[in-house]
Amino acid sequence: MKQTDQEIFATDKASYVPVFNRYKIVLDHGEGVYVWDNNGKKYIDFLGGIAVNVLGHAYKPLVDAVAEQAGKLIHCSNLYYTQAQADAAAKLVKLSGLGKAFFGNSGAEANEGAIKIARKYAHAIDPEKSQIITAWNSFHGRTLATLTATGQPHYQEGVGPLPAGFDYVHYNDIEELESLMSDKTAAVMLETIQGEGGVYTPENDYLKKVRALCDKHHALLIFDEIQAGIGRSGKFFAYEKYGVKPDIVTLAKGLAGGVPIGAFIVTDEVAAAFKPGDHGTTFGGNPLACAAANVVLDTVPQAEFLHNVETVGSYFKDKLAALKDKYPTLIKEVRGTGLILGAELTSAEHGRDIVNDCLEKGAIINCTVGKVLRFIPPLIITQEQVDEVVAVLDDVLRKYA
Ligand SMILES: Cc1ncc(COP(=O)(O)O)c(C=O)c1O
């Protein structure tokens, strides 16, 4: 029997580890850019499961591929080959121009694997070459190594000792990075575009200069594209936009359109650092997840699809800039590219209230770091749908201006 919201909230309170600061709605189903709650209320979804539902909800080819694969073989372990996995890996290798892919189940697991293979590669050069440099304000995941990589100390409190060998620099500050790097640096790991930290894009050829420093010190360059990749920037990989190629790139979130998956993709030279038995996973890259990934990998890289991300993204950014001009006491800056956009509020006072008010009016948006309204919607949105959300935002912001 269908339960009421109150019953579900009570069961959750009694049964679920209380780590999520959830909004008080129970979602039931979705279609395209819209979702419906338990009571039949419709919402336009401009968060997309936190940059996951790139093809929207209930996208028929994805649903069909998952259903067909589930009816044949959901899982078989990595002791055997499957066509779905081989195909998905080959597509990622071709798209990235790198050498080999490996599948896990989440973003954190993808980054964990990337850090591990980078260390293994570096240790073969010099056993003391182990420093991993990441950026303040970054987000790389919740496992012990990835939350150590995450340059936001509050995530690291109370769970030490943390893995050793991590140092931090300010994103976009090339001099600071230069002063910290040496031949003991194993890797520099950066989000190509910082997402959770508040939507920051690289400035002034920063990533090209990072690449040059990595080459100088024979350190690997790892781009975490878990949030910014899979077409979100308007290119399949955000690094294509900045003319820089990493040695390792990590993906997750949108890679299988909502089915759990993560991946790291490496050059052949780096891949050779792992021998059979050096790494593994039970579920990672199982045929169900890879069947879903294959739909995403056949759809998102198409020129027309990416073109829509570019054009709708810049339309949306212009609309957000107009809201900034209209509400200068509320919005300080509009940032981002493609469909990873942020509007920084002048203070954290109303961040969560604005999100709640938008929800009330039927629009799902997000606020990160307390004061950056973040928009990472399905990549299939139209200009009309942007107008719909901007109208809601306008209405809500007026209340706080
Ligand atoms: C850039 C980035 N890296 C890693 C992660 C961690 O991914 P997951 O939550 O799938 O472990 C996230 C999640 O928000 C992310 O945005």
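The values are calculated or read from the model by the stated rules, or taken from the named source; none is laboratory data. Since we're looking at a predicted model, the values are computed, not measured. Glycine also receives a Cβ, built like all others from the backbone with ideal geometry; neighbour counts cover every protein chain displayed.
Numbers for the structure displayed
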read-out	value
Pair list, Cβ < 8 Å and 6+ apart or interchain, from the stretch 177-200 residues that are closer than 28 Å to Lys332 by Cα and more than 15 Å from the ligand (Cβ to nearest atom) to residues that are at pLDDT below 95 and not hydroxyl-bearing (Ser, Thr, Tyr)	none
Members of the stretch 216-252 that are in a strand (DSSP E or B) and within 16 Å of the ligand (Cβ to nearest atom)	Leu221, Ile222, Phe223, Asp224, Ile248, Val249, Thr250, Leu251
Residue within the stretch 359-378 that is surrounded by 22 or more Cβ atoms within 10 Å (Cβ to Cβ), basic (Lys, Arg) and in the same structural domain as Asp395 (by TED's automatic domain parsing) present	yes
Matching residues in the stretch 253-272 - criterion: being on the phi > 0 side of the Ramachandran plot and either within 11 Å of the ligand (Cβ to nearest atom) or in a loop (DSSP other than H, G, I, E, B) (or both)	Lys253, Gly258
The stretch 88-109 - residue that is within 16 Å of the ligand (Cβ to nearest atom) and of a type in the set (S, T, N, Q) and, of those, farthest from Val249 (Cα to Cα)	Asn105
Some residue of the stretch 281-290 being in the same structural domain as Ile74 (by TED's automatic domain parsing), crowded, with 16+ Cβ neighbours inside 10 Å, touching a helix residue (DSSP H, G or I) at 6+ places or on another chain (Cβ under 8 Å) and of a type in the set (Ser, Thr, Tyr)	yes
Residues of the stretch 282-306 classified as without any contact (Cβ under 8 Å) to a residue 12 or more places away in the chain and assigned to a helix (DSSP H, G or I), total	2
